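Engineer: One structure coming up, written as structure tokens, with questions to follow.
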There are 2 protein chains.
Amino acid sequence: MKKGKTFIVSGPSGVGKSTVLQALLSKRDDLYFSVSATTRPAREGETDGVHYHFLDVETFQQWIAEDQFLEYAEYVGNFYGTPKRFVDEAMERGKDVILDIEIQGAIQIAAKRPETIRIFIAPPSWAELERRLSSRGTDSQEKIQKRLVRAKVEFQTAHTYDYFVINDSVENAVRELEAIMTAEHCRPQERMEIISGK
Amino acid sequence: MKKGKTFIVSGPSGVGKSTVLQALLSKRDDLYFSVSATTRPAREGETDGVHYHFLDVETFQQWIAEDQFLEYAEYVGNFYGTPKRFVDEAMERGKDVILDIEIQGAIQIAAKRPETIRIFIAPPSWAELERRLSSRGTDSQEKIQKRLVRAKVEFQTAHTYDYFVINDSVENAVRELEAIMTAEHCRPQERMEIISGK
């Protein structure tokens, strides 16, 4: 059976990544969306194994020691990580895996698994990103400017990504994501059984 | 304006490459299908500039001297080549260019222009390629076996191609070709205007 591939999707705050990924997942049942592990307590309405795999600190540390994470990080006192096991099980079942991960995590994974495809979701322009951040109405003007500066800094790293998807419209971004996934399954190493001459 | 890219499409005799390319071109008017130049005399029903650019030997030699070909070859006493000019004009107009070229020509072009994307159209299996060659009814059993051996030799080179499209059905092959073209336009270098921070 054809094995799945792993696709990392990153993008700055406000670019609309979650909306794009939700639209992609709602039309495709052959994808596995990776669920992160965390030591943060579950909030009201969050389900273990759906929103996060909720672990105690001891277990999380043990998983680190056992090299069970593709990447992990500490953020305001809590650990977050991507467990290898569910990703690998999904790929073995032939499913493509989507990892919604920020740039630092993507760099960790690229070092361990260079065959992972990295996709950066970019806004059509910085002005448009600022407009989207403002229209959410959740951040102060100061915080919006901080997010913009952070996004521009991240962009300096993002040119090492394999693909840039411009989120000018959700439909177009989903179309490009699907094209990238289809194209990556056309790589020669994916089709060795033909080349090897059966 | 967005510039076009060049895609080389190769494949063994009998794989159905022409049918696939015709189907692709009939649904897409933003593609330019490169017309080769040749010193072979025009046959009944062939139009200059449509089927070939028909050149006399002197002109063809001059174009070689002026480095006007992306690739060229001699075949049973006639020259065949891909003129640079029409390819470059089409890309400047934003059109993607399709070059239907065999492996030796593809190697010449890859050396000159490594950014060219190379796609190999492969049969689902060798048995299926043999069946397709037989069903054409044009070749003797001996010639079919020769074509099969040649296809297997070519395959040893084809693993250096960027993509393998399996022609299991015309619809699927066209879908994969379009996905590859879309994906290649999502490369970071194609989207520099965002990265550079306008």
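Engineer: Could you give every pair whose Cβ atoms fall below 7 Å, whose first residue belongs to region A:1-25 and is part of a strand (DSSP E or B), and whose second residue is at pLDDT below 95 and among the small types (G, A, S), counting only separations of at least 6 or pairs across chains?
Structural biologist: The qualifying pairs are A:I8/A:A106; A:S10/A:A106.
Engineer: Against the definition (modelled with pLDDT under 90 and surrounded by 14 or more Cβ atoms within 10 Å (Cβ to Cβ)), how does A:T138 come out, yes or no?
Structural biologist: Spelling it out, it is not the case that A:T138 is modelled with pLDDT under 90 and surrounded by 14 or more Cβ atoms within 10 Å (Cβ to Cβ).
Engineer: Can you tell me which residue is nearest to A:Y163 (Cα to Cα) among those in region A:26-36 that are touching a residue at least 24 places away in the same chain (Cβ under 8 Å) and of a type in the set (S, T, N, Q)?
Structural biologist: A:S34
Engineer: Only helices (runs of 4 or more DSSP H) wholly contained in region B:88-193 count here; list those with 1 or more residues that are within 19 Å of B:L25 (Cα to Cα) and within 13 Å of chain A (Cβ to nearest Cβ).
Structural biologist: Counting at least 1 such residues, we get B:170-184.
Engineer: Taking the residues in region A:57-87 that are in contact (Cβ under 8 Å) with a residue 40 or more places away in the chain and not in a strand (DSSP E or B) as candidates, determine which candidate is nearest to A:K2 (Cα to Cα).
Structural biologist: Ranking the qualifying residues of region A:57-87, first place goes to A:V87.
Engineer: Do we have any residue at all in region B:36-51 that's closer than 16 Å to B:L99 by Cα, at pLDDT 95 or above, hydrophobic (A, V, I, L, M, F, W, C) and not in a strand (DSSP E or B)?
Structural biologist: Scanning region B:36-51 turns up no residue that is closer than 16 Å to B:L99 by Cα, at pLDDT 95 or above, hydrophobic (A, V, I, L, M, F, W, C) and not in a strand (DSSP E or B).
Engineer: Got a sec? Which of B:V149, B:V97 is more than 30 Å from A:V153 (Cβ to Cβ) and surrounded by 15 or more Cβ atoms within 10 Å (Cβ to Cβ)?
Structural biologist: Residue meeting the stated conditions: B:V97.
The values are calculated or read from the model by the stated rules, or taken from the named source; none is laboratory data. Here the structure is a predicted model, which is why all the values come from computation and not from measurement. Cβ sites come from the backbone with ideal geometry, for glycine too, and all protein chains shown count toward neighbours.
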